[in-house]
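Following: one structure in structure tokens, then a few remarks.
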Amino acid sequence: MPYGPPGRPTPPPRKRRGGFTSLMLVVIFLVVGGLVKFAVNRGVDIGIDAFGPRPTTTYTPQPGSAPAKTGDNPLVTDADGSLVPASCDYAPWGAQVDKARKFFESAAGCLEAAWKPLMAANGLPFESPTLSITATTDGITTPCTGSTSNFAAFYCAANKTIYMPISQLQTDQFRDNWVVYLSVFAHEYGHHIQAQSGILRKANSERVDAGARSTKGLELSRRVELQANCFDAMFIAASKGGGSLSSDQVTLATRDSYGRGDRPGDMRDHGTADNGGKWFEAGLENLTPQCNTFIAAAGDVS
């Protein structure tokens, strides 16, 4: 399964029902247009099928806030930007909710210790994300998905929450190879870093302007997702550097990164599995400039 919530299926074409239906469609269009305008004004991220940072091209950074920038963001233009070796005492993994929650909470502490100093060094704010660790997606309502239960692990910028439903982690396939679950979590944490640094705000704004499912809009989404792959790998490399992961575990996480991405019939918003793996490997160098997907050639983010 690709990282993040799956794309929404395209509805089947409707049959024509004459003038009344046409009139109703016009009314619906006007109502939806009004809602979209309201959403933009109230901070709803309509650019990536989710709520999140206010998508506006007129955003002016306030004192102490992150600049709305992507390729020229200070986080990815810092030539020495890297995560310190992370010596992490990960809690034992278990597919039961309590054990999984303790595991991800311990990972969150390590991720914060790794990312927070780098954010501060570049004058960027940092706030810890909230975690939602559940057995399944049943009954979960989020600002990003509403009441639907059709989602995988993902980050919701509206409430700064990482959702990790255990039923969606393919535990029957990966079993006790917890580095895979750690990598998925680090990817979603990467989205939080994008939100905190202002990268996500700018990318969402540009995607709204371009059209969420336009060619440019989908390319922007892929640049966001592939950068999160790279940020994921930066933490994996730092964790290995601190002695918390073995070379075999890093190899397994790398192999897994080549197994995720857009598949035939998908919306093409995450990137090919091959590019997903390549950006993950770039992140293993543990330098944020290597993760600057927003200045990469279009073919590298296809």
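Just so you know, all these numbers are worked out from the coordinates, no wet-lab data involved. Please read these numbers as outputs of a predicted model, since none were measured by experiment. Positions of Cβ are backbone-derived with ideal geometry, glycine not excepted, and every protein chain shown enters the neighbour counts.
On a 23 Å Cα-Cα criterion, which of the cross-link pairs 102/240; 240/278; 116/278; 69/216 come out too long? Too far apart for the 23 Å limit: 116/278.
What the phi angles of segment 209-220 give under the Karplus curve with 6.51, -1.76 and 1.60, with θ = phi - 60°, is a coupling list of 4, 7, x, 3, 10, 6, 4, 5, x, 5, 5, 4 Hz, glycine and proline written as x. Put simply, when 291-300, 137-146, 107-116 are sorted by average Cβ atoms within 10 angstrom per residue, most first, you get 107-116, 291-300, 137-146.
Residues in segment 96-110 carry Karplus couplings, in order, of 6, 4, 4, 5, 4, 4, 5, 5, 5, 5, 5, 5, 4, x, 5 Hz; the curve used is 6.51 cos²θ - 1.76 cosθ + 1.60 with θ = phi - 60°, and Gly or Pro positions show x.
What the phi angles of segment 175-185 give under the Karplus curve with 6.51, -1.76 and 1.60, with θ = phi - 60°, is a coupling list of 6, 9, 7, 5, 5, 5, 5, 4, 5, 4, 5 Hz, glycine and proline written as x. Close amide H partners of residue 130, meaning residues 5 or more places away or on another chain with modelled amide H under 5 Å apart, are 161, 162. Listed peptides 233-239, 158-164, 208-214 appear in the order 233-239, 158-164, 208-214 once ranked by packing, highest mean of other Cβ atoms within 10 Å at the front. Under the classification rounded if a/c is under 1.5, otherwise prolate if a/b is larger than b/c and oblate if not, where does segment 194-275 fall, given a ≥ b ≥ c as square roots of the Cα gyration tensor eigenvalues? Cα axes put segment 194-275 in the oblate bin.
What shape does segment 74-300 have by the C-alpha gyration tensor, where a ≥ b ≥ c are the square roots of the eigenvalues, rounded means a/c under 1.5, and otherwise prolate means a/b greater than b/c and oblate the rest? Rounded shape, in that the Cα axes give a/c under 1.5.
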